[in-house]
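> The structure under discussion is supplied below as structure tokens; questions concerning it will follow.
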Amino acid sequence: MKNREEAGQKLSEKLLKYKGEEGIVMAVPRGGVPVGYEISRQLDWPLDIVMVKKIGHPTNKEFAIGAVSFNGQVINHEAGVPSDYIDTEVARVRNELNNQYHKYMDDKEPLTITGKTVILTDDGVATGQTLLATVELLKKDKPAKIIVAVPASSPDAMQKIEEQVEEAICLTCPQEFNSVGEFYQDFEQVTDEEVLNKLHDRRYHEEP
């Protein structure tokens, strides 16, 4: 794929069957926003960001023991981590999420997904742990259905995701998966300015 925009355009072709439904495209910032922007344009749906961050194990921050959103959390209690550590991390991560969201959206409230079709997207999936936690947290708000659409994924992650959502769409899912960036000719980091511009262009396009 040339870049994230082209990936979003190709995913859109596989998602047009949902165009007549009431839905929202939820993108994981920052890399998922250009992908989600193209999907939202083709489906004529609003675009919002899904604010979820993982909680790392106290001895290995890269090992996720859970994930936190604005109004929910998913914790693997079998990891044997003290509850006071989890409480402290949940508060810290939630504060980070609020700061990041307000940087992008000022004082606007997140869009309501209850009863709507949600297309969740990112620019690629490696382990799938954060995206799986995101799906679990989105389900708490009772959307009509959740579709995960990504340009590239490892087979193992895609299999796990398929078991948790109504449909999972992936453009390429090779057995040899090293990193998300290997599937793009241009994988420059997405800037905050680009996220802001794309969100403000699509998020309230239906409002008068």
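> Please identify every one of the GluC sites (Glu not before Pro) in the range 132-177 that sits in a loop by DSSP and has no more than 12 other beta carbons within 10 Å of its own beta carbon.
Here the sparse-neighbourhood loop sites are E163, E176.
> Convex hull over the alpha-carbon atoms of the range 31-99: what's its volume per residue in Å³?
Per-residue hull volume (Cα only) is 109 Å³.
> Hey, another quick one. Please state the relative contact order of the range 1-123 as a whole percent: Cα pairs under 8 Å, 6+ residues apart?
The normalised contact order for the range 1-123 reaches 31 percent.
> For the range 126-208, what is the Kirkwood estimate of the hydrodynamic radius, computed as the reciprocal of the mean inverse distance between distinct Cα atoms, to one decimal in Å?
When all Cα pairs of the range 126-208 are included, the Kirkwood radius is 14.9 Å.
> Need one number: % antiparallel among DSSP beta bridges in the chain, to the nearest 5.
In the chain, DSSP labels about 30 percent of beta bridges as antiparallel.
> A further question on this structure: Using every Cα-Cα pair within the chain, state what percent have a distance larger than 20 Å.
56
> Select from the range 8-115 those GluC sites (Glu not before Pro) which occupy a DSSP coil region and have at most 11 other Cβ atoms within 10 Å, ordered by residue number.
E22
> Shifting gears a bit: Just report the Cα centroid separation between the range 165-199 and the range 3-69, whole Å.
9
> Still on this structure: Please identify the chymotrypsin sites (Phe, Trp or Tyr not before Pro) of the range 43-143 that satisfy two criteria: DSSP loop assignment and at most 16 other Cβ atoms within 10 Å. Which are they?
F70
> Over the chain, with a Gaussian network built from C-alpha contacts below 10 Å, which listed residue (D107, D156, D186) shows the highest mean-square fluctuation?
D107
> Would you calculate a helix-derived [θ] at 222 nm for the chain, using -39,500 (n - 2.57) for each DSSP H run of n ≥ 4 and dividing by the full residue count, to the nearest 500?
Counting only the DSSP helices, I get -11500 deg cm²/dmol.
> Further question: Taking the Cβ of E21 as the centre, find all other residues whose Cβ is under 10 Å away and add up their charges (Lys, Arg: +1; Asp, Glu: -1).
Here the charged neighbours net out to +3.
Just so you know, all these numbers are worked out from the coordinates, no wet-lab data involved. In this text the structure is predicted, and so the values were computed from the model without any measurement. Cβ: placed from backbone, ideal geometry, glycine included. Neighbour counts: every protein chain shown.
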